[in-house]
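This report concerns only the one structure given below.
Just so it is clear, none of the values below were taken in a lab; they were calculated from the coordinates. Given the structure is predicted, the values throughout are model-derived calculations rather than measurements. No Cβ is skipped: glycine too gets one built from the backbone with ideal geometry, and neighbour counts run over all protein chains shown.
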Amino acid sequence: MLVGGPGAGKSHLAGVWAAEHDAQLCQGWALTPQAVDDLVRPGAALVVEDGHEIGGNRAAEQGLFHLWNLAGARGALLLITARMVPRDWGVGLPDLRSRLETAAQAVLGPPDDALLPAVLVKLFADRQIQVSPEVVDWLSLRMERDLDLARRLVAAIDRESLADRRAISRRLAAELLDKLTPADA
């Protein structure tokens with residue numbers, strides 16, 4: 001199981017794993033007991049995205065429970081992504097809850113001081129934007145260590161700079177960081 005906040009890289013890592021194992025992908029909330037048999041081929045692999053969304057959804061909980069058991073019986077590999085650890089999903093099905101609690105979990109934490117600036121540079125590069133190291137360093141020192149915030153911030157900077165025909169500067173970055181950061185942060 002891969003656990004981490006929005007933008008932490010769960011889907012990216014799951015995609016790499018899925019490509020290596022020729023795995024099918026499905027959404028946790030969409031699982032049903034009836035659909036499971038078609039999803040789990042003997043010896044195959046399956047990625048269940050957003051597992052945390054099954055909590056409180058009786059059909060999805062039963063679907064994941066059957067999927068878990070069938071994957072074990074058929075020797076299939078199973079990878080689940082989630083934003084939080086299973087004990088916080090609100091799963092009502094006791095047998096599923098106990099299985100989820102035994103799963104190996106890799107928790108993807110927030111980016112460190114070296115990763116955050118690299119991610120910002122990549123996010124800008126993905127948009128074909130060259131930004132000065134001064135702006136990246138300034139942002140890295142002042143923003144929360146949150147990859148989802150980094151993605152939203154770069155998108156906002158791109159939109160604002162294009163809309164107003166403004167150069168990407170520390171001032172623009174500061175304005176948008178203030179807009180995207182809650183007042184109590």
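Peptide packing: for 166-178, 74-86, the average count of neighbouring Cβ atoms within 10 Å per residue gives the ranking 74-86, 166-178, highest mean first.
Annotation: amide H-H contacts under 5 Å for M84 (H modelled 1.01 Å from N, sequence separation of 5 or more, or interchain): G4, H52. With contacts taken as Cα pairs under 8 Å at a separation of at least 6 residues, the chain carries a relative contact order of 23 percent.
Could you work out how much longer the chain between A30 and Q105 gets when fully extended? Use 0.36 nm per residue separation minus the Cα distance between them, nm to one decimal.
Numbers: separation 75, 0.36 × 75 = 27.00 nm, distance 2.21 nm.
Residue separation times 0.36 nm, minus the Cα-Cα distance, leaves 24.8 nm.
Do you know the relative contact order of region 1-61, to the nearest whole percent, from alpha carbon pairs under 8 angstrom that are 6+ apart? Dividing the mean separation by the residue count of region 1-61 yields 35 percent. Computed packing ranks the peptides 153-163, 98-108, 39-49 as 39-49, 153-163, 98-108, most packed first, by mean other Cβ atoms within 10 Å.
Paramagnetic label reach from R170 (point 7 Å along Cα→Cβ; backbone nitrogen cut-off under 17 Å): within region 134-153, residues 134-143.
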